[in-house]
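Working notes for the structure below.
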Amino acid sequence: KTSLLSCYMNEQFLEKRMSNINVDFRTKSITIDQFTSAKLKIWDTCGQERFRSLTCRYFKDAQGIILVYDVTKRETFNNLDKWIKDIEDYVEKEELSIILVGNKIDLEFRDVTTGEGEIYAEYNNLMFCETSSKTGKNITKVFDMISKDIIHKENLDTSKITSPPPSLKAVKGKMIKKKKEINCC
């Protein structure tokens, strides 16, 4: 996860990195389309079992979650059920935008096929993408997909919309969406 985030934030791959033992927080402003920009607030949480209860606390305020597994390590894929259960224990899963990401597709050896990832994502109603932090393949796509889905879900929640929607303002006859802040972990 940390390599994926580093690739997205800094457009570089960290060949040598230390394992995350706490939570790293980063922000990035992005343009979704000509009418919408967003400020991503991203928490890179530690995935080790011993920090699981601490990590789960970040789910409560999240609007989106990126679940990452290593396509060369079946164990990381098999642990997804535990993460899905943890998410469901802390929040209404349907309210979140969740994308499943198979990382390290640049490596020749695979222990988890693309088809397995797609089936798992479809079964759990998750978006899906495969990436390579090393080559940068699909890294931006992952963050674009989840950001657009968060904004789409927010705009569909009619309980948050008054007339006119508070997130819109008219400028010379055009409707312009204001900048959004998006919380991901």
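Readers should treat all values here as calculations from the given coordinates under stated rules, not as data from a laboratory. All values derive from a computational prediction rather than experimental measurement. As a convention, Cβ positions derive from the backbone with ideal geometry for all residues, glycine included, and neighbour counts pool all protein chains shown.
Please compare each pair in 85/134; 60/153; 93/137 to a cut-off of 26 Å on the Cα-Cα distance and tell me which ones are over it. Mind showing how you got there, number by number?
Details: 85/134 30 Å; 60/153 17 Å; 93/137 28 Å.
The pairs that break the limit, which is 26 Å between Cα atoms, are 85/134; 93/137.
Which of the chymotrypsin sites (Phe, Trp or Tyr not before Pro) found in segment 71-137 are in a DSSP loop and have at most 16 neighbouring Cβ atoms, other than their own, within 10 Å? Can you show the working numbers first?
Working: sites: 77, 83, 90, 109, 120, 123, 128; in loops: 109.
Answer in residue order: 109.
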